[in-house]
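The next block holds one structure in the form of structure tokens; read it before the comments.
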Amino acid sequence: MSSFKHLLEPITIKSMTLPNRIIMPALTVNVAMGEVNDAAVAYYERRARGGAGLVTVGISPVVAGMVMGLDISDDRFVPGHKRVVDAIHRYDTKASIQLWHPGRYEMTFLTGRQAVSASDVEPPIFSKGKPHALTVEEVKEIVTAFGEAARRSKEAGYDCVELIASAGYLISQFMSPATNLRTDQYGGSLENRARFGTEIVEAVRSRVGDDYPIFVRMVGDDLIPGGNRLDDMKQFARIWEAAGADAFNVTAGWHESKEPMITMNVPRGGFVWMAEGIKSALDHAPVAASNRINSAELAEEILASGKADMVSMARPLVCDPDLPNRIKQGRPDLIRRCIACMNCMDSLFEGKPVACAINAEACREAALGEIQKADQKKRVLVIGGGPGGCEAARVAALRGHDVVLMEKTGKLGGQLNLAAQTPNFGEFALVGEYFGAMLKELGVDVRLNSEATVDTVGAIKPDVVIYGAGAVPADPPIKGIDGPNVMHAWQVMAGEPVAGNKVAVIGGGGTGCDVCMHLAHDGKAVTQLEMLDKMGHNIGPGTKWVVMKTLGELGIQQTNRFKVKEITGKGVVGEVEGKEQLIEADTVVVAIGSRPNTDLLESLSGYEVIPIGDARQPRKIVFAVHEGYEAARNV
């Protein structure tokens, strides 16, 4: 029996009663552009099947030609949206849609036209050039477009609509004095800057009727120079509640904000205070809290404390759509918790559908279908308890196989346990914790402190070996690399003592950056050396800017284009643009290169062996997990 009584309590908003307080907000996942397709239907249906109280579809453009999202700008799109709604309604879940206009954030490189906004203030991202400042007549046309989109949404069967007045999109651009320089009825005072949003709320209400719920997605703080702060946002919320808005989903910041909002170094629930502030300003409209709420316990605490009435979980439900059902079952230990690694955002930046690092099925539900029992039960041995090996063991067990997993250390999670030692990166430890609980639940024979050898493998008598033994450090051919003052990055992350105060780190990739942060937090004076033009060359764009910002704040000295020639007792000798330099250091940490751990592979030639993850080629966690999933699914 679950103890999460606040999370599981129904809530009624106008004509809609949600079965629980867990909302999946709108989130761009790139499974479809414009028209609804099978991938979009399956993606949203899976989240509904997982037990969320409300699933929000979107972003959904209210005017034609925006390219992004599931279009709702014309009546011809209604049948497609009805497919999505019907799929969500197969379960005890309500369906919402987020009505969207990007304004100056329009991706002009895709649409080929000039963006529009409250004023002609050029954005720093997405679009190029100044946007067209909307005339009053054009403003009225967009207000009407929102109203008509709401009408279509109700016709499609959505239980409510949401207006996005956050993230720096068009309504936000009218709200903010940083982007609204108008002198007419839509500019100047806060009441005037609220007018565009107010008219949209009124236009929507006129088309959907009095008893139909209208949500507003807004921020508690723009987090941009010259933007609105919480006190301003409270006033906007009060104005829109009076105009007819029924509920508010509160997040933080604009896309161009320089403050992290969803990355791992944001504390869990780090922006709940914004929702609490908005809630305090309203008469009766319920409020949802957002951002970095990735545990059932935290979500329950937020509601129990009265800081919010609902919790909004986007990436946590991409990572584990069954999160709500696990809560209902009283099994939060079986939740595959989002670690905020940002791989989902990295795939978006590449123009691809979202790829979750630890859920290989995310956004591929239609293509993959359900995991089926194998025609023939086999004995499957998984070597290595890293994320790829654990995922292989999980899927193989679901397929009905007899599974043994051997891990030479005393803990599941592999190198992620080392990465978790970096301050602000502790979420990586959640992966091993999840797999420990799930593999036990599935009856996998997990053998920790058990190194795979020819003899131990032979004793198990496997039909198939999934080889996920990971990678080991590769020693580059540097003179002096075997010196007593040299350490490998993995030794540092494992907690081995680092002599002296001055440390030189060779390597500007992700591992090198992690080590630098680790050492700086220990009080070391760190210099980072990289032979390429830029640091962080293998870090995804969703996280790289935060890592670089953190390194700067920690005072890490960085030198690019540094060609290492030798490590001596005094430090690192290298060459920068033809000039030799000595970087003095008490300890030198090597954080470049690793090689697949294939030591046992040749000895397993008599078995069917499937290498996965770093044992094939050292790469990111997403490759290990997805390869583990696919290997086991094909056994």
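Apolar share of the accessible surface for the chain: 49 percent from carbon plus sulfur atoms, 1.4 Å probe.
In segment 347-402, taking the dipole from charged Cβ atoms about the Cα centre, the farthest positive-side position among Gln376, Gly386, Gly351 is held by Gln376. Here the chain is treated with +1 on each Lys and Arg Cβ and -1 on each Asp and Glu Cβ, and its dipole about the Cα centre works out to around 380 debye. Entry comment: accessible area of the chain is 39 Å² per residue, from protein heavy atoms only and a probe of 1.4 Å. Rounded to whole Å, give me the distance from the Cα center of segment 506-581 to that of segment 292-322. Spelled out, the Cα-based centre of one part sits 37 Å from the other.
Seen from Pro177, the other residues with C-beta closer than 12 Å to its C-beta sum to a net charge of +1, counting Lys and Arg as +1 and Asp and Glu as -1. Of the GluC sites (Glu not before Pro) in segment 562-635, the ones in a loop by DSSP (not H, G, I, E or B) with at most 13 other beta carbons within 10 Å are Glu577.
By the Cβ distance rule (another cysteine Cβ under 4.7 Å), the unpaired cysteines of the chain are Cys160, Cys341, Cys344, Cys356, Cys363, Cys390, Cys513, Cys516. Looking at segment 111-207, the trypsin sites (Lys or Arg not before Pro) that sit in a DSSP loop and have at most 16 other Cβ atoms within 10 Å of their own Cβ are Arg113, Lys128.
Look at the dipole of the chain built from charges on Cβ: of Val589, Ile621, Val208, the Cα furthest out on the positive end belongs to Ile621.
Taking a cut-off of 27 Å between Cα atoms, list the lysines near Lys544, but don't count ones fewer than 8 places away on the same chain. The reachable lysines, counting only those whose Cα sits under 27 Å from Lys544, are Lys128, Lys258, Lys352, Lys502, Lys524, Lys534, Lys563, Lys620. Of the options [x] 1.03; [y] 1.09; [z] 1.29, only one is Cα Rg over 2.2 N^0.38 Å as computed from these coordinates, and that is [x].
Cross-link partners of Lys408 among aspartates and glutamates, defined as those whose alpha carbon lies under 12 angstrom from its own and excluding same-chain residues fewer than eight positions apart: Glu451. Separation of segment 237-258 from segment 1-58 is 20 Å, based on Cα centroids. The trypsin sites (Lys or Arg not before Pro) of segment 439-546 meeting both criteria, a DSSP state outside H, G, I, E and B (loop) and at most 14 other C-beta atoms within 10 angstrom of the site's C-beta, are Lys534.
Computed from point charges on the beta carbon alone (+1 for Lys and Arg, -1 for Asp and Glu), the dipole magnitude for segment 96-226 about its Cα centre is near 280 Debye. Note on Val121 and Thr28: their simple-model spin labels are 2.0 nm apart, each label 7 Å out from Cα toward Cβ.
Our summary gives the chain a relative contact order of 11 percent, counting only alpha carbon pairs under 8 angstrom and 6 or more residues apart.
Between His521, Val444, Phe425, the Cα set farthest toward the positive side of the dipole of segment 405-555 (charges on each charged residue's Cβ, about the Cα centre) is that of His521.
The values are calculated or read from the model by the stated rules, or taken from the named source; none is laboratory data. Computed from a prediction, not measured in an experiment: that's the story for all the values here. All Cβ positions, even for glycine, are placed from backbone atoms using ideal geometry, and neighbour counts span all protein chains on display. When the accessible area is computed, the model is the full protein with side chains, heavy atoms only, and any ligands, DNA or RNA have been set aside. Shrake-Rupley method; radii C 1.70, N 1.55, O 1.52, S 1.80 Å.
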